[in-house]
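Just so you know, all these numbers are worked out from the coordinates, no wet-lab data involved. These numbers come from a predicted model, not from an experiment. Don't worry about glycine lacking a Cβ; one is built from the backbone with ideal geometry, like all the others, and counts go over all protein chains shown.
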Amino acid sequence: MSDILNFIDGAYVAGGGRWFDVVNPATGQPHARASEAAEADVDRAVAAARRAMAGPWGRTSEADRTAMLNAIADEIDRRAEDFLAAEIADTGKPLSLAGTVDIPRGAANFRIFAKMIGAEAERLYEMATPDGAGALNYAIRRPKGVVAVISPWNLPLLLMTWKVAPALACGNAVVCKPSEETPSTCALLGEVMRAVGLPDGVFNVVHGFGPGSAGAFLTAHPDVDAITFTGETRTGEAIMKAAAVGTRDISSELGGKNAGVIFADCDLEAAIEGTARSTFTNCGQVCLCTERLYVERPIFDAFVAGLKAKAEALVPGAPFDSATTIGPLISAEHRTKVMGYFETAAADGATVVTGGSAFALPGDHEGGFFVRPTLWTGLAEDSAAVREEVFGPVAHIAPFDSEAEAIALANDTRYGLAATLWTRDLSRAHRVGAALEAGIIWVNTWNLRDLRTAFGGAKQSGIGREGGAYSFDFYSETRNICIKL
Ligand code: NAD
């Protein structure tokens with residue numbers, strides 16, 4: 001078992017908290033232990049970040065930051081095998097997924113913000129028109145300062161770098177708190193930062209949990225200027241309360257209960273294929289996954305049969321087995337939660353189209369947290385399985401009879417992260433797309449991402465937008481300078 005250490009002021013250190021096991025979800029066995037940061041360690045990390053901001057890093061040019069971000073991306077690519085091994089050990093996700101999505105996006109996140117920060121700088125320093133009183137106003141942007149970055153376990157490197165890259169691009173220093181379930185790749189990033197010569201203190205990592213641990217210590221720290229968080233809505237609310245003290249800025253990307261709306265005029269094969277991806281990718285553990293499907297009645301039976309076939313064709317298995325197409329849930333606790341919804345759905349009268357049980361693999365993977373991809377029909381809209389985020393490989397499928405009904409059903413949720421729409425009618429695509437109450441709407445596709453576009457949730461799925469220039473808006477502070485002429 002390896003030891004995972006905190007990374008503070010350029011050095012790997014054991015924290016003053018306890019050691020906790022990091023479990024491989026594909027086997028159910030610990031593969032590493034991580035050192036929890038105590039409050040004093042979080043204090044040291046924040047102080048190191050503050051000192052870094054007061055030093056040369058606080059005055060680096062865009063050109064130097066661009067070069068640094070590109071070097072970080074190159075180093076992640078060079079260490080791709082190490083990142084892959086670490087990510088797969090923490091998450092159990094198949095190599096086919098981690099190797100094509102998680103790790104490449106870790107590097108791509110740095111490259112896109114490296115590319116954009118130069119162009120953004122030109123936009124930011126543009127002079128505004130002099131006003132009638134004979135004054136010249138112009139705006140500059142400065143880094144926010146010390147940014148706390150708190151991330152979840154479902155896409156560990158991808159989501160951490162999605163925030164660290166623009167934070168560094170804007171010249172901030174960061175203190176990161178990865179999920180306690182998946183600390184390995186964030187810990188490895190410390191080695192990358194050292195290899196490329198990022199000044200000590202600019203990038204720090206503290207490990208641990210939420211309440212009473214590193215997460216709460218960090219978000220409550222008075223010397224943290226802004227907090228960026230991805231995780232559950234309830235946690236987001238707790239972090240907002242912490243951020244209110246000292247009026248610190250917050251960006252939050254939270255939970256979802258995303259709808260897929262499938263019209264009878266769609267390309268049925270494409271809709272089934274796309275919905276299988278949107279429901280089962282990463283064992284349903286992507287915030288953008290669809291868990292509520294609304295299908296126009298004439299194609300309802302054909303759609304259900306098609307999606308059932310796709311679900312049953314998925315192959316749960318060991319991450320490095322090339323036949324594997326679906327991995328485990330993240331933990332025993334999460335599997336208990338997901339299977340709780342299997343029971344609730346059955347008790348609420350669901351027809352189980354497929355799945356609804358755990359899945360035991362033989363041999364070394366017998367203890368892994370696998371469940372069968374699961375589809376339900378026949379639930380009332382107020383059933384917990386239809387209303388609450390399950391975050392597993394599940395979806396409920398219900399029929400609809402009109403466009404208005406489909407929109408009302410899709411929008412009947414407290415969440416609003418993403419929605420997916422399948423139709424060949426262009427006018428309908430625009431009309432329904434605009435009517436869906438979600439931050440991200442895909443038409444005839446799912447999770448097709450351009451990292452320059454706005455990413456974030458409506459309603460209780462989040463506050464603010466990240467991505468491209470939206471990230472720069474959050475990770476920098478605009479200062480207006482007014483010169484009397
Ligand atoms: P979580 O909220 O339990 O934990 C996320 C992080 O917050 C972890 O690092 C955890 O240690 C920390 N944390 C928990 N309580 C805290 C507290 N009081 N103070 C400070 N930090 C605290 O979420 P999770 O289970 O790791 O992730 C799954 C959730 O994340 C799902 O709801 C999913 O929808 C959401 N998610 C959202 C997006 C998005 O972009 N909107 C992306 C991925 C995941």
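Okay, here's what the table says:
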read-out: Point-charge dipole on Cβ atoms (K/R +1, D/E -1) for the chain, about Cα centre, debye to 20; value: 1040
read-out: Taking VAL304, VAL42 and counting other C-beta atoms within 10 Å, the order from fewest to most; value: VAL304, VAL42
read-out: Test item: Cα-centred dipole of region 258-450, Lys/Arg +1 and Asp/Glu -1 on Cβ, debye; value: 220
read-out: Extension reserve of the ARG18-THR354 stretch, reckoned as 0.36 nm per residue once the Cα distance is removed; value: 116.7 nm
read-out: Cα centroid of region 335-401 to Cα centroid of region 20-97, whole Å; value: 33
read-out: Partner aspartates and glutamates for LYS484 [C-alpha distance under 18 Å; skip if fewer than 8 residues away on the same chain]; value: GLU126, ASP131
read-out: ASP321/PHE209 FRET efficiency (R0 30 Å; Cβ-Cβ; nearest 0.05); value: 0.40
read-out: Rounded tilt (10° steps) of 426-435 against the dominant C-alpha axis of the chain; value: 70
read-out: Extension gain (nm, one decimal) between ALA434 and GLN29, 0.36 nm per residue minus Cα-Cα; value: 141.1 nm
read-out: Kirkwood-Stokes translational diffusion coefficient of the chain, alpha-carbon pairs, 37 °C, 0.692 mPa s, µm²/s; value: 141
read-out: Chain lengthening between ASP265 and THR478 when straightened (0.36 nm per residue, less Cα-Cα); value: 71.9 nm
read-out: Residue order, fewest to most beta carbons within 10 Å, for MET240, MET68, MET1; value: MET1, MET240, MET68
read-out: Leading residue at positive end of dipole, the chain (Cβ point charges), from PRO152, THR377, ILE140; value: ILE140
read-out: Computed FRET value (nearest 0.05) for THR453 with GLU366, which takes r as the C-beta separation and R₀ as 45 Å; value: 0.55
read-out: Nearest-0.05 FRET efficiency for ILE140 and ALA346, computed from C-beta distance (R0 51 Å); value: 0.30
read-out: Least to most buried among THR354, THR161 (fewest other Cβ within 10 Å first); value: THR354, THR161
read-out: On Cα atoms only, tilt of 39-54 relative to the major axis of the chain in degrees; value: 60
read-out: Exceeding the 32 Å Cα-Cα cut-off - candidates LYS257/LYS308; LYS115/LYS308; LYS93/LYS115; LYS241/LYS337; LYS241/LYS308; LYS93/LYS144; value: LYS115/LYS308; LYS241/LYS308; LYS93/LYS144
